[in-house]
């Protein structure tokens, strides 16, 4: 997948394209449906499949006090986009000036002049242009004028839940991990730098890797069965783990953080970066009467996690 970061870069590329537009936070099932359709429309033509997204998220510029915490910061979004088989990703810098473009200017400058769009695929809640004046019907009319077709996808529901980034954020904040992962179509994950902790885990409970302060969305406080993934030289390690998200109240309230205990043996140096993937939530975080009581609970959590992974291995063998 080719990554472009300006209209100038896009305009240098020749040839037609089929385009979809959005923030694509999470790359959830509805996003994947749009991306799949874009690829389908380019299969029997010389057009390229292109997604347009924005950095930073528009709300960070227009409503910074209400901007959502991201499910997928830009590096993770790019990684997930690459896995879809898309030809190009255009990441447009979102600025105050750009936000004031009219719908007509957006279509002319972005879709027509820069991308030579022959088709555009969007969701029914798509809005664009100054003060979100443009909607799918606006785009459809402008497309007729400029010679490109517009496909409008209806909202998607899974088990009566709307597939949307905001719904997934809400589910994660309530600890409803299984439902959130179902709407995502993949397991929620967090990737960040590893930093040195206070040594409490190693000395009083179990050793952990501690993630640095994280600006994206974190799931509800609690204990989770997880995968810990990191690079070691040319090797990509993917190890079973148990992760606590919370303030470690047994040792006095601390800043909300993430600490991961590996179930698989690891003899190498601590990783510099760690991706923690969350398939299952075990329990709420709570305060224990003593470090010994907490350690006893952690050992129970570890046994439950090991049982989970054994069941997973048996299921994979059957499949």
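Values quoted throughout were computed directly from the atomic coordinates according to the rules given, and no laboratory measurement underlies them. The structure presented is a predicted model; accordingly, all values stated were derived computationally and were not measured. Positions of Cβ are generated from backbone atoms using ideal geometry, with glycine treated the same way; all protein chains shown enter the neighbour counts.
In the chain, the calculated helix contribution to ellipticity at 222 nm averages -9500 deg cm²/dmol per residue, counting -39,500 (n - 2.57) for every DSSP H run with n ≥ 4.
Tell me, in nm to one decimal, what length is gained between residue 69 and residue 196 on full extension, where the rule is 0.36 nm per residue of separation less the Cα-Cα distance?
Value of the extension gain: 43.3 nm.
Full extension of the segment from residue 104 to residue 284, taken as 0.36 nm per residue of separation minus the current Cα-Cα distance, would add 59.8 nm.
The distance between label points at residue 306 and residue 40 comes to 4.7 nm (points 7 Å beyond Cα on the Cα→Cβ vector).
Among beta bridges identified by DSSP and lying wholly in the chain, the antiparallel ones come to about 60 percent.
Roughly what % antiparallel, to the nearest 5, for the DSSP beta bridges in segment 1-119?
Details: 0 of 16 bridges.
Percentage antiparallel, nearest 5: 0.
What angle, in degrees between 0 and 90 and rounded to the nearest 10, separates the Cα long axis of helix 136-146 from the longest principal axis of the Cα atoms of the chain? So the inclination is approximately 40 degrees.
The gain in end-to-end length when the residue 162 to residue 296 segment is fully stretched comes to 44.3 nm, 0.36 nm per residue minus the alpha carbon separation.
Once the Cβ-Cβ distance of residue 145 and residue 186 is raised to the sixth power relative to R0 = 35 Å, the FRET efficiency obtained is 0.35. Note on residue 3 and residue 315: with the Förster distance fixed at 30 Å, the Cβ-Cβ geometry gives a FRET efficiency of about 0.25.
Which angle from 0 to 90°, rounded to the nearest 10, does the C-alpha axis of helix 29-42 make with the longest principal axis of the chain? Tilt relative to the chain: about 40 degrees.
Between helix 291-318 and the chain there is an angle of about 50 degrees, using the helix long axis and the longest principal axis of the Cα atoms. Between 100, 267, 179, the Gaussian network model of the chain with springs among Cα atoms under 10 angstrom shows the greatest mean-square fluctuation at 267.
Note on segment 22-40 and segment 248-302: Cα centroid distance 34 Å, given to the nearest whole angstrom.
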